[in-house]
Amino acid sequence: MPTLTRVPTSPRARWGLAAGAATTAAAAWWLGDRAPYPYAQRGLLDLSLPYLTVGALDEVLHPRPGERMLEVGPGTGLQSLHVAPRLGPHGGLDILDIQQDMLDHVMRRARQRGLANISPARADARELPYPEGSFDAVYLVTALGEIPEPERVLWEAARVLAPGGRLVVGEFFDRHWIPFGRLHRLADAAGLHLSARRGPTLAYLARFHRCERSGPRTPLEPHAGTAAAYRGR
């Protein structure tokens with residue numbers, strides 16, 4: 001005769017079961033959190049994260065009319081659709097992602113809102129398809145940690161910034177999170193100096209400016225086949 005397993009009914013036992021289920025769910029989320037972020041789960045990208053709201057982004061990024069900006073990893077456009085109107089008809093926002101589905105999604109939403117100053121590009125963030133000094137600002141929100149070789153992304157961001165331009169990086173604690181201390185070290189190695197930070201290390205926005213050092217800067221050596229190696233945001 002099979003043995004029946006009794007389910008504990010005491011409050012302590014029920015709390016233990018609930019905690020175990022929560023731990024299992026968290027582990028499944030953590031291990032299943034893939035880069036690039038799957039387009040099929042795009043609905044979660046429209047959720048505003050603590051310390052990384054569009055209002056907080058405004059305070060650190062300071063978008064101004066007439067500027068040209070680049071957003072790397074726009075997702076479904078939560079930040080894009082907020083920043084683009086602030087650049088005005090004489091400014092523009094370029095968005096870059098490795099996933100065409102994400103770019104198409106943002107552009108559909110932009111057309112619905114009558115925004116005509118957003119330009120998409122499908123490319124690898126480690127090899128930005130823009131000339132040096134192209135942008136007044138570059139920003140990435142919860143995207144840098146999902147890209148292999150984030151140091152290369154920072155070098156590329158520094159390269160395409162105009163003199164006096166700024167880079168803003170937002171990170172939020174998940175499997176691909178970059179702690180602020182590590183970001184600071186990588187940015188320094190890329191010739192970027194910190195000018196502002198908002199939020200704790202688990203959820204922060206940080207602004208950097210390109211250091212105008214004497215003598216030529218030595219970039220990292222190109223990595224063969226990076227576009228083939230990286231297939232997502």
Any chance L57 is at pLDDT 85 or above, surrounded by 20 or more Cβ atoms within 10 Å (Cβ to Cβ), of a type in the set (A, V, I, L, M, F, W, C) and not in a helix (DSSP H, G or I): no
Condition check for R111: within 23 Å of A56 (Cα to Cα) and among the basic types (K, R): no
Any chance V60 is farther than 23 Å from A123 by Cβ, β-branched (V, I, T) and free of Cβ contacts under 8 Å to residues at least 60 places away in the same chain: no
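Quick one: in the range 184-199, of everything that is in contact with a helix residue (DSSP H, G or I) (Cβ under 8 Å, 6 or more places away or on another chain) and in a helix (DSSP H, G or I), which residue is surrounded by the most Cβ atoms within 10 Å (Cβ to Cβ)? Give the steps one after another, and end with the answer.
Step one: of the range 184-199, the residues in contact with a helix residue (DSSP H, G or I) (Cβ under 8 Å, 6 or more places away or on another chain) are 186-187, 189-194, 196-199.
With in a helix (DSSP H, G or I) added as a condition, the list becomes 186-187, 189.
Details: L186: 19, A187: 24, A189: 12.
Filtering first and then ranking leaves A187.
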Output for the range 60-74, where each listed residue is in contact with a helix residue (DSSP H, G or I) (Cβ under 6 Å, 6 or more places away or on another chain) and either at positive phi or in a loop (DSSP other than H, G, I, E, B) (or both): P63, E67, P74
Selection from the range 122-147 of residues that are modelled with pLDDT under 95 and of a type in the set (D, E, K, R): E146
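Are any residues in the range 200-214 surrounded by 15 or more Cβ atoms within 10 Å (Cβ to Cβ) and assigned to a loop (DSSP other than H, G, I, E, B), and if so, which ones? Reasoning before the result, please.
Filtering the range 200-214 down to residues surrounded by 15 or more Cβ atoms within 10 Å (Cβ to Cβ) leaves 201, 203-210.
If the condition is that a residue be surrounded by 15 or more Cβ atoms within 10 Å (Cβ to Cβ) and assigned to a loop (DSSP other than H, G, I, E, B), then T201 is the only one that fits.
Kindly evaluate E151 against the criterion of being charged (D, E, K, R), farther than 19 Å from A206 by Cβ and surrounded by fewer than 20 Cβ atoms within 10 Å (Cβ to Cβ).
On the way: charged (D, E, K, R): yes; farther than 19 Å from A206 by Cβ: no; surrounded by fewer than 20 Cβ atoms within 10 Å (Cβ to Cβ): yes.
Against the criterion (charged (D, E, K, R), farther than 19 Å from A206 by Cβ and surrounded by fewer than 20 Cβ atoms within 10 Å (Cβ to Cβ)), E151 does not qualify.
The values are calculated or read from the model by the stated rules, or taken from the named source; none is laboratory data. Predicted model, so just to flag it, every value in this text is computed and none were measured. Virtual Cβ from ideal backbone geometry, glycine too; neighbours counted across all protein chains shown.
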